[in-house]
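Encoded as C-alpha cells, the structure appears first; notes follow it.
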Amino acid sequence: MANPHYQSAPVIMVAVPFPAQSHLNQMLQLSCLLSSCYNLPVHYVGSSIHICQAKLRCSTPLLLTRIQFRDLPFPPFPSPFPIRDGDTDFPAHLQPSFDSSLNLREPFAALIDTLSSQAKKVVVIHDPLMAFAVQDAASFPNVELYIFHTSSAFTSFSIQWERTREISAPKYFPENLPSMEGCLTNKVVNLITIHREFTKLRSGDLHNTCRVIEGEYIDHLAQNDKLRRRWAVGPLSHHLGGRIEKQSNSKEDQNLELPEGFEERAEGKGMVVRGWVPQAEILKHPSTGGFLSHCGWDSCLESISAGVPIAAWPMHSDQPRNATLVTQVLKVGLIVREWSHIEELIMASTIKEALRTLMASREGEMMRKSAEELGRAVRQATEEGEVSRKELESFINHISR
C-alpha cells in the first residue's frame, strides 16, 4: 500500500548517500529530520545492503516509517577482509563497494524520471562522492541538486586553500596543516577526481556543522563560491536528540581478543563493551570526562555537542584535519600522536601521558572548561529561533519557493 505521505507532494526530497558508514548515518539523520520535523516526503536511495546497514543504526524505528527507502539495482561486489593498502590505514577493503556506486547512474536517472512527474519540485541531496551517479538529474527542469557535506567545513576549506593558495583565509588558520599524504589510497583519490567535475551541477551546499563551531570557515567557503548558497544545519544528531545511534551485533566485534587479563584488570574501574554502542548517550553521561577518538566528523560533533574534550588519534581520510580543528582552532582537545609520526609504533607510555594530561592536569582542566562552554553554545544553536534551526528553516524555505 502506498504511503499517503507521498501522494502528490509539492516538493520531494531524494537522499543519495555514499556507501560508507558515517556518510550513510549522517544522511539518514538528515532524512529523519526533514521527514519527521518538516513533513517532507523523503526517498533514501542506495543498494539493499547499504540501506540495511543504515537502518540498523536507528534506535527509533518510528522515525523510519516516514522515509521511503529505494533499493536500486546494484551490481555484486566482493567484500574482502580488511587489508592495509600501502602506507595508509584507510579501509581499502571497501573499495569494491565504492566503485560499484558508479553504476547507480542509470537506475537513478530512471527513478528521477518517475518522481519528477509526481511533484512540483524534486530536491536531490547527495554526497559529493555520488555526484557522478546523480548527474542526469540536473537535466530535468523541476529538479535541483544540493551537496551534503559529511566532513568539517574546516577540512573542506583547507583542501581548497591548499589547492589554489589564492583564496582568502580566516584570521586564525593553522600554518602547519597535517599533510593529506597517507590519508587516502590512490584509488580513492581517483574516485574523487571522477566526481569532482559533476559537483558543479549543484545549486547549493548543506553542511553537518554549526556556525558556533565553524562560522568563519562556512563564510570563507561562501565567499570563494558566490554562485551557490550554503547552510550549516548541524549537528544533526543533536536536532534528533541522539535517536540515530550506533548499534551492531557483529560477530567480528564480539570475538575481538583483548590482551590476557585486561578485562579482569578493568573490573571495577571501567567497562568493556563488545560491538557498537550508543556513543552519543555515553558522551552525554556525567561520568564521561574525555573521549579517545579517531576524529571522524560525526564523532567530533557528538563529543563537541556533549561538551567532552577529545584525545585525538586520527587514522585516515579527513580525520587529521578534523583533529587540527579540535586541538588548534577550537582548543577542546589534544593530539595523542602527531600525524607526521603516523608510521611510528605508538607506545603505551605516549597514550598514558596524553590521557593523563587530558584528565588530570591544569591544561586538561582548561580544555574541559572550553569544551563545556562550546557544548552549551552548540546545544543552544539547535533550539527554536537559534542559528542552526534558522539555517535549517532557511533551507526549507529556499527549496519550497
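The values are calculated or read from the model by the stated rules, or taken from the named source; none is laboratory data. What you are looking at is a predicted structure, and each value in this text was computed from that prediction instead of being measured. Cβ: placed from backbone, ideal geometry, glycine included. Neighbour counts: every protein chain shown. SASA here: full protein model, heavy atoms, side chains in, ligands and nucleic acids out. Shrake-Rupley method; radii C 1.70, N 1.55, O 1.52, S 1.80 Å.
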Checklist entry - In this structure, is residue 331 open to solvent by 10 Å² or more (accessible area, probe 1.4 Å), basic (Lys, Arg), without any contact (Cβ under 8 Å) to a residue 60 or more places away in the chain and out of contact with any helix residue (DSSP H, G or I) (no Cβ under 6 Å at 6 or more places or on another chain)? => result no
Item to check | Subset of region 161-192 [among the hydroxyl-bearing types (Ser, Thr, Tyr) and more than 20 Å from the chain's Cα centre (by Cα)] | outcome: 164, 168, 172, 179
Checklist outcome for this item: residue 364 vs (1) more than 19 Å from the chain's Cα centre (by Cα); (2) assigned to a loop (DSSP other than H, G, I, E, B): all pass except (2)
Item to check | Options 356, 337: the member that is of a type in the set (D, E, K, R), farther than 20 Å from residue 305 by Cα and in a loop (DSSP other than H, G, I, E, B) | outcome: 337
Checklist entry - Which one of the conditions (1) surrounded by fewer than 17 Cβ atoms within 10 Å (Cβ to Cβ); (2) modelled with pLDDT of 95 or more; (3) small (Gly, Ala, Ser) does residue 275 fail to meet, given that it meets all the rest? => result (2)
Checklist entry - Looking at region 148-179, which of its residues are open to solvent by 20 Å² or more (accessible area, probe 1.4 Å), in a helix (DSSP H, G or I) and within 21 Å of residue 297 (Cβ to Cβ)? => result 156, 159, 160, 161, 162, 163
Next on the checklist: Need pairs with beta-carbon distance below 8 Å; first residue open to solvent by less than 50 Å² (accessible area, probe 1.4 Å) and within region 66-92, second in a strand (DSSP E or B) and modelled with pLDDT under 70; sequence gap 6+ or separate chains.
Outcome noted: 92/85
Checklist entry - Counting only residues that are of a type in the set (A, V, I, L, M, F, W, C) and open to solvent by less than 80 Å² (accessible area, probe 1.4 Å), which one in region 46-65 is modelled with the lowest pLDDT? => result 58
Checklist entry - Based on what the data block shows, is residue 115 under 28 Å from residue 319 (Cα atoms) and of a type outside the set (Gly, Ala, Ser)? => result no
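Report yes if some residue within region 374-382 is within 30 Å of residue 182 (Cα to Cα) and open to solvent by less than 40 Å² (accessible area, probe 1.4 Å); otherwise report no.
Within region 374-382, not a single residue is within 30 Å of residue 182 (Cα to Cα) and open to solvent by less than 40 Å² (accessible area, probe 1.4 Å).
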Checklist entry - In the set 227, 240, which member is surrounded by fewer than 21 Cβ atoms within 10 Å (Cβ to Cβ), at pLDDT below 90, farther than 19 Å from residue 332 by Cα and out of contact with any strand residue (DSSP E or B) (no Cβ under 9 Å at 6 or more places or on another chain)? => result 227
Item to check | Condition check for residue 305: within 27 Å of residue 332 (Cα to Cα), at pLDDT 85 or above and assigned to a helix (DSSP H, G or I) | outcome: yes
